[in-house]
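Each remark here refers to the structure printed beneath this line.
The values are calculated or read from the model by the stated rules, or taken from the named source; none is laboratory data. Fair warning: this is a prediction, and the values are worked out from it, not measured in the lab. Neighbour counts run over all protein chains shown; Cβ positions are idealised from the backbone, glycine included.
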Amino acid sequence: EAGVAQSPRYKIIEKRQSVAFWCNPISGHATLYWYQQILGQGPKLLIQFQNNGVVDDSQLPKDRFSAERLKGVDSTLKIQPAKLEDSAVYLCASSLYRGETQYFGPGTRLLVL
Amino acid sequence: SQQGEEDPQALSIQEGENATMNCSYKTSINNLQWYRQNSGRGLVHLILIRSNEREKHSGRLRVTLDTSKKSSSLLITASRAADTASYFCATDAGGSYIPTFGRGTSLIVHP
């Protein structure tokens, strides 16, 4: 069974630029999560999808971050414009359903200069 | 705010010893999960324990859950150098099962 795929693996941008991350969850998984993990901290949930609907986006900075999951499969997370404090690893995870085991992708390491 | 908080923040032991780390949380939960993260790598799921369960085992791992104390513990027996990693607990609560991770315990196992 293929795991969660993410791209790109690394990204370096300057502040005020925009960036997009892509995630392909495990086939058949209804729930998809985006997390931000700052060095030395635990992952912070940004947004949780159930199929193509948003379950929770209370910690998503909506003035600059947006996410979508069209057709309930792949998802993209966008930052526009980026700030220095957005430097982090962005993790995508999926689970068969809410509350079940989450399977994580390798993450995208973002550096904002 | 962090729902689950791991303790200790850092743990250093010798190979062969047991490692115990704890997770405390504040509100009632549906499930509690433990994850491992090696340096520079993604998170790997270890064990999921539901709120109506008290103990689960997986190989050298033992997880307990005490809902009256709102705490869980992860025991790694006969540790190996390869167990060196950060360990996180994640709780989910409410009808929407929103997951929240703690800050993690950094475990170093010396060969």
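Quick one: is A:GLN59 within 11 Å of chain B (Cβ to nearest Cβ), part of a loop (DSSP other than H, G, I, E, B), within 17 Å of B:SER96 (Cβ to Cβ) and without any contact (Cβ under 8 Å) to a residue 60 or more places away in the chain? Yes; evaluated as a whole, the condition is true for this residue.
Among the residues examined, B:ILE47 qualifies as assigned to a strand (DSSP E or B) and within 11 Å of chain A (Cβ to nearest Cβ). Looking across region B:25-41, the residues that are farther than 21 Å from B:SER58 by Cα and either of a type outside the set (D, E, K, R) or touching a residue at least 40 places away in the same chain (Cβ under 8 Å) (or both) come down to B:TYR25, B:LYS26, B:THR27, B:SER28, B:ILE29, B:SER39, B:GLY40.
Among the residues of region A:26-40, those identified as more than 10 Å from every other protein chain (Cβ to nearest Cβ) and β-branched (Val, Ile, Thr) are A:ILE26, A:ILE38.
The strands (runs of 3 or more DSSP E) located wholly in region B:68-111 that include 2 or more residues which are at pLDDT 95 or above and more than 10 Å from chain A (Cβ to nearest Cβ) occupy B:71-76, B:85-93, B:105-110. Whenever a residue of region A:88-103 is over 18 Å from A:ALA5 (Cα atoms), its partners that are charged (D, E, K, R) and surrounded by 19 or more Cβ atoms within 10 Å (Cβ to Cβ), lying with C-beta atoms within less than 8 angstrom and at least six residues away or across chains, give the pairs A:ARG98/B:ASP92; A:GLY99/B:ASP92. In region A:66-84, is there at least one residue being within 14 Å of another protein chain (Cβ to nearest Cβ) and on the phi > 0 side of the Ramachandran plot? No, every residue in region A:66-84 fails to be within 14 Å of another protein chain (Cβ to nearest Cβ) and on the phi > 0 side of the Ramachandran plot. A count restricted to region A:70-95 and to residues that are surrounded by 13 or more Cβ atoms within 10 Å (Cβ to Cβ), at pLDDT 95 or above and assigned to a loop (DSSP other than H, G, I, E, B) stands at 5.
Could you please find all residues in region A:62-78 being touching a residue at least 40 places away in the same chain (Cβ under 8 Å) and basic (Lys, Arg)? Result: A:LYS78, single match.
Being in a loop (DSSP other than H, G, I, E, B) and either modelled with pLDDT of 95 or more or out of contact with any strand residue (DSSP E or B) (no Cβ under 7 Å at 6 or more places or on another chain) (or both) is the filter; apply it to region B:4-27 and report the residue that is nearest to B:SER72 (Cα to Cα). In this case the residue turns out to be B:LYS26. Here region A:41-56 is the region considered, the condition is being surrounded by fewer than 22 Cβ atoms within 10 Å (Cβ to Cβ) and more than 10 Å from every other protein chain (Cβ to nearest Cβ), and the residue that is modelled with the highest pLDDT is A:LEU46.
From the list B:SER106, B:SER72, the lone residue that is under 17 Å from B:ILE13 (Cα atoms) and either surrounded by 15 or more Cβ atoms within 10 Å (Cβ to Cβ) or among the aliphatic types (A, V, I, L, M) (or both) is B:SER106.
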